[in-house]
1. Which peptide among 274-285, 34-45, 246-257 comes first, and what is the full order, when sorted by highest mean count of other Cβ atoms within 10 Å?
2. Below 23 Å, Cα to Cα, which lysines can LYS100 reach? Residues fewer than 8 away in the same chain don't count.
3. Would you mind calculating the gained length between LYS68 and GLU122 on full extension (0.36 nm times residue separation, minus the Cα-Cα distance), in nm to one decimal?
4. Can you give the local net charge around ARG240? Use residues other than it whose beta-carbon is closer than 13 angstrom to its beta-carbon, Lys and Arg +1, Asp and Glu -1.
5. Using mean Cβ contacts within 10 Å as the protection proxy, how do 197-208, 328-339 order, highest first?
6. What do you get for the angle between helix 305-321 and the principal long axis of the chain? Use alpha-carbon atoms, 0 to 90 degrees, nearest ten.
7. Show log10 I(q)/I(0) for the range 66-112 at q = 0.13, 0.28, 0.32, 0.33 Å⁻¹, two decimals, from a solvent-free Debye sum over equal Cα scatterers.
8. Would you compute the Debye intensity of the range 6-261 from its alpha-carbon atoms alone, equal scatterers and no solvent, and pass along log10 I(q)/I(0) at q = 0.10, 0.13, 0.14, 0.17 Å⁻¹ to two decimals?
Amino acid sequence: MSDDLTFTVQRPPAYGELTDLLPGLFWVRLPMPTVPNHVNCWLLDNGTGWTQVDCGFNTDDTFEMWDKLWRGLLRSRPLQNLTLTHAHLDHAGLAAFFVKEAKCTVRMPLAEWLSAWKLWHEREEAPDEHFAAFMKRNGASADEAAQVIAAQRKPTYLGLRPPREFTRIRDGDTIAMGKRDWRVITAGGHSAEHALFFCESDRILIAGDQVLSHMTPSVIAPSAQPEANPMQDYLESLTRLEALPADTLVLPSHGLPFRGLHVRLAQLREHHLARLDDVASAITGKVSAFALAQEVFPRVLYANPRQAFGESLAHLNMLASQGRLTRDVDADGAISFAPV
Ligand SMILES: [Zn+2]
Ligand SMILES: [Zn+2]
């Protein structure tokens, strides 16, 4: 899939190593206990201190690697700011540690800060009841919903409490990180208001999870917004990113830095369009999101039902918005889709 991309390095650096990528811009790759097995964070040299983009999972490994770096190579100057691309725990899970230790400021989009707090509250108050009702409205029997709830993987790696204070960044803002100016681009589809950062003068894009080198970012309709159309948001973001220069160096959160942005955007678009066609052709009669998830994600449905369900619904809602499926809600609130 990545044949037409040019990678700046063929092999990733060791976990926890400070890798000099560009003048004033360093790469730290951290291990993750999940798939994908790593996340990339970036350090930018402000002169008087550092800006760090993303911070990784709240695990002992990640904590120890940052602790070693900040007590070692980075110790002479302070961490001034932590800038977060989005609220997912592999990017923001350890944020509170840096705020406490370094007294740094935090920058992120508003919807991502709110999402981080939602995740935090949901660990106190398990949202299973709502999720079971959501599954039942989307075609699961009471038994099936109960089975999925009972089988789902309990979250093992929880984030720390999100930062209580932050500076909001918005689409179109220009922010300084290191010695460069970066334009904030926010995008939906993968998360509510994911931030990417583009440096016009050096043509560098810190892409977060929106554009990955080797994987397709997940696009999920969350149970909190069952009528959302995140696939449309995601595809629209690819169109907007096509306006960036073709030779932009892309720094993704998972995978390797690469050139070939337009090629990668086209690949991601093709992947989703092909998948939408696959789903559309698999639907020959009335179908629910649960039935589709059972067919398309049989294994994931029980291990990670929110992903399986959310991806099914993302495809169904997109096909309905394109007029390729009808979406019906019956008198009991049950939702189904059917070919036009
Ligand atoms: Zn993510
Ligand atoms: Zn990620």
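1. Order by mean packing, descending: 246-257, 34-45, 274-285.
2. By straight Cα distance, LYS100 reaches LYS68, LYS118.
3. On the way: separation 54, 0.36 × 54 = 19.44 nm, distance 3.18 nm.
Answer, rounded to one decimal: 16.3 nm.
4. Working: positive: ARG183, ARG269; negative: ASP171, ASP233, GLU236, GLU242.
Local net charge: -2.
5. Numbers: 197-208: 20.7, 328-339: 13.4.
The densest-packed peptide leads the list: 197-208, 328-339.
6. 70 degrees
7. -0.31, -1.10, -1.23, -1.26
8. Log-scaled intensity ratios, in q order: -0.50, -0.83, -0.96, -1.38.
We did not get these values from a lab; they are worked out from the coordinates using the rules stated. This structure is a prediction, so every number in the text was calculated from the model and none was measured. So basically every Cβ, Gly included, is an ideal-geometry build from the backbone, and we count neighbours across all protein chains shown.
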